[in-house]
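To start, I am sharing the structure in question, which I have written as structure tokens.
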Amino acid sequence: MSQLNDFIGALNNILFADFVVYALLLVGLLFTVWSGFGQYRALTHGVSVVRGKYDSKNEPGAINHFQALSTALSATVGLGNIAGVAVAVAIGGPGAILWMWVIGVLGMGLKMTEVTQSMLYRNTDDPDNPHGGPMFVAAKGFPRIFERFGLKRVGAVVGTTVGGIFVITLLTSAITGGNMFQAWNVADVTTTYFDIPQPVTGIVLALLVGMVIIGGIKRIGAVAGRIVPFMCGLYLLAALYVLILNAGAIPEMIWLIIRSGLPTWLGGANPEPAGAFLGATFGFAALWGVKRALFSSEAGQGSAPIAHSAAKTDEPVREGVVAGLEPFIDTIVVCTLTALVILATGTYNRDAEAHFEDPNQIRIVAALDDGGQQRVNDAGVPLWLLETPELPRKSAEARRVLQTAEGASGWRNSDNVFMVLERAEVDRGTGSRVFRHNARVSRADDTQPWIANWPEIAADEAPTLRTNPDGSIDVGIYADYAGASLTAHAFDRVTPGLGKILIVVAAWLFAISTMISWSYYGEQGMYFLCNRLGQAATDAVILIYKLVYCLLILMTTILATPIFTRPDGTSYAVLGTDAQLDNWTTLGLGVMLWANIPLMLIFGVQAMKAYHEYIGKLKRGEFHPHDAPKVTDVVEGKDVE
């Protein structure tokens, strides 16, 4: 399994090489300029469309504009906003947020373009159940291009092949980022805070998701239209509460984000390592900001057009303009609030939760074999061992945040911790020599002391403890809050217990909404692959797909439970860390970008032509909006029934 993870990691390094990031930024800039900064139209005209002023029950489609936007948002506003932003800030530093903003703005242009393309080529043979997405753009668009050269049949083969390739990437992303990543995080955070077995969480999730997706896009749209406003409102209110209490720190945090996200030749400066933060270079900050913003907003990924293709409208560009609102809501609003909560509360560079009394109690020694010789790993690199005494009691502040019982030390079995060490060479990503050395906390029984089980360290030279700026030695033990747990900890630092409740509730709502939308995306991919088999056969395949999709939720939570045994008797899980699942979600995102961006460039001319024609009509007053329906009717889709 480790070899497979290493292979996927190496493949992701190619998929997200520097030139890929730059290419994506340039494509977003291209369509931003080409559309005449269409982001403005999304924030003005798009809001009117979502409000229902252009809804009509007589146009082809299954759901109204608001429900289409909610369905797409339910796939994007989710754990990426909670866990993904936390990862970006923890690893890439404050500067990662600047690049999340850049992708958010450029992503609005990408979303408008890709959704407009899909609306131009969607299949409306059944007006109440349309089908669309990049696969249909390829299948219907390439024959039209090749027809000019008398090669329509060749174009059909090319279109079907390219569409099929996209569907494979779509299913990969639906299974990993849209399903397994969500299930893993919900099970992990629920177990962490309420000690509920992960498979139990998996069963409940599978049943809830199954009850929704069996009903098709209309039920998905109805559920999403209710969940998305509620979960966004709940989360934003809690974030605003924290920021109001830390209002004085916000201007400094905004300046820190800008300064840390710019290269030095533009006046930027790499943030220094401090506390739990190891530092990050401009390039590292940009990489993590772009990567997490893409995963959160799905801009350029080609997934959102599938949901928008179900909208009731005979104006393709109108739905494209609505889609431009997604990255704004998802990245500019929700992700920014999450990031500011983590920064303003000092969570990203937090202090250690406990300190050893004396640096002399800690040793880093060679790992020896039975013959007294230093051991090496498979690559021939020497191995070292970190030796520490029993863990001291957590600090008063750490115990306050964790609401530790009176007299208790604050430690729990399987707590993840790390110490900060220094190596001889500088890490090119962080720009410093420091690194985290992680361990799990345990004790044999209630009468025994808490200890950290440190794994071996591979390094050419023996690492040392970090030296603080004041010259002292860092003997701190830091809690390793991963993903959603870091965001929860940020809320808890302000009001202990708030993060526990908020993040668990938000994780469940966000995950369920994401999983039902991604199930629909995968369903449309299966329809594309199987529609030539006939309606009955296609329906049967799609039903099997939905059942498998739900079973994968349960399987993920089982594989994340430490029920397997190593030869030394210790237990482990196949999906033991969020890094392993992040590998797979990054793969799904990367392959979809590689498949969809070329399609956007090939068919972007048609999308931009249609866009400017539509905006011209809008400026000339050729569209006649009606009065906005009641909000409840729009949310429930009654205005188009």
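Take every DSSP beta bridge with both residues inside the chain and express the antiparallel ones as a percent of the total, to the nearest 5.
Taking every DSSP beta bridge within the chain, about 95 percent pair in antiparallel fashion.
One-quarter of the Cα convex hull surface for the chain, in nm²?
Mean projected area for the chain: 31.4 nm², to one decimal.
Any idea which of Ser48, Leu368, Ala286 is furthest toward the positive side of the dipole for the chain, if Lys and Arg beta-carbons carry +1 and Asp and Glu beta-carbons -1?
The residue sitting most towards the positive pole is Ser48.
Using just the C-alpha positions of the stretch 190-240 as equal point scatterers, what log10 of I(q)/I(0) does the Debye formula give at each q in 0.20, 0.28 1/Å?
Calculated log10 I(q)/I(0) at the listed q: -0.88, -0.92.
Sorted from largest down, what three extents in whole angstroms do the Cα atoms of the stretch 354-480 have along their principal axes?
Largest first, the stretch 354-480 extends 48, 38, 26 Å along its Cα principal axes.
For Val420, Val154, which order do you get if you count the other beta carbons within 10 Å of each Cβ and list the fewest first? Could you put the intermediate results ahead of the total?
Details: Val420 22, Val154 14.
If I rank by nearby Cβ atoms, fewest first, I get Val154, Val420.
Same structure, new question: If contacts are Cα pairs under 8 angstrom and at least 6 residues apart, what is the relative contact order of the stretch 354-480 in percent?
Relative contact order comes out at 31 percent.
Let me ask another. Computed on alpha carbon atoms, what radius of gyration and Dmax characterise the stretch 131-194, expressed in Å?
In Å, with Rg to one decimal and Dmax whole: 19.0, 65.
Just to confirm the number: angle between the C-alpha axis of helix 18-34 and the first principal axis of the chain, 0 to 90 degrees, nearest 10?
Value to nearest ten degrees: 40.
So what are the radius of gyration and Dmax for the Cα set of the stretch 468-541, in Å?
Every Cα atom of the stretch 468-541 included, Rg and Dmax give 23.1, 74 Å.
If you don't mind, there's one more thing I want to ask. Pairs Lys57/Lys638; Lys111/Lys140; Lys53/Lys617; Lys53/Lys609: which are spaced more than 18 Å apart, C-alpha to C-alpha?
On the way: Lys57/Lys638 9 Å; Lys111/Lys140 20 Å; Lys53/Lys617 16 Å; Lys53/Lys609 24 Å.
As for pairs spanning more than 18 Å Cα to Cα, those are Lys111/Lys140; Lys53/Lys609.
Suppose R0 equals 56 Å; then what is the FRET efficiency for Trp594 and Thr447 from their Cβ-Cβ distance, rounded to the nearest 0.05?
0.50
Roughly how many Å is it from the Cα centre of the stretch 355-376 to that of the stretch 19-96, as a whole number?
If we compute the Cα centre of each part, the gap is 52 Å.
Round to a whole angstrom and tell me the spacing of the C-alpha centers of the stretch 426-499 and the stretch 305-348.
34
Angle check, please: helix 282-297 long axis (alpha carbons) against the longest principal axis of the chain (alpha carbons), in degrees 0 to 90, nearest 10.
50
Still on this structure: Quote the charge dipole size of the chain about the Cα centre in Debye, to the nearest 20; the model charges only the Cβ of Lys and Arg (+1) and of Asp and Glu (-1).
Details: 45 positive and 55 negative charges, 430 e Å.
I would put it at about 2060 debye.
Can you tally the net charge around Gly225? Count Lys and Arg as +1, Asp and Glu as -1, for every other residue whose Cβ sits under 12 Å from the Cβ of Gly225.
Taking every Cβ under 12 Å from that of Gly225, the sum is +1.
How big is D for the stretch 259-381, in µm² s⁻¹ as a whole number, if Stokes-Einstein is applied with the Kirkwood radius of its Cα pairs at 20 °C and 1.002 mPa s?
Values: Rh = 19.7 Å.
Answer from the Stokes-Einstein relation: 109 µm²/s.
Same structure, new question: Within a Cβ distance under 11 Å of Val49, other residues only, what is the Lys/Arg minus Asp/Glu net charge?
+1
Follow-up. Which whole-number percentage describes the relative contact order of the chain, with Cα contacts under 8 Å and a sequence gap of 6 or more? List each step's numbers first, then the result.
On the way: 1190 pairs, mean separation 177.5, N = 641.
Value for the chain: 28 percent.
On C-alpha positions alone, give me the angle between the axis of helix 65-76 and the longest principal axis of the chain, in degrees, nearest 10.
Orientation of helix 65-76: about 30 degrees from the principal axis.
Counting other C-beta atoms within 10 Å, which of Trp384, Trp255 has the fewest, and how do the rest follow?
Fewest-to-most Cβ neighbours within 10 Å comes out as Trp255, Trp384.
Can you give the net charge of the other residues whose Cβ lies under 10 Å from the Cβ of Val77, counting K and R as +1 and D and E as -1?
Around Val77, the charge tally is -2.
To continue, here is another question. What is the magnitude of the charge dipole of the stretch 354-480 about its Cα centre, with +1 placed on the Cβ of each Lys and Arg, -1 on the Cβ of each Asp and Glu, and no other charges, expressed in debye to the nearest 20?
Dipole about the Cα centre, nearest 20: 400 debye.
Every number in this text was worked out from the coordinates using simple rules, so none of it is lab data. All of these numbers come straight from a predicted model, not from anything done at the bench. Cβ atoms come from the backbone with ideal geometry, glycine included; neighbour counts cover every protein chain shown.
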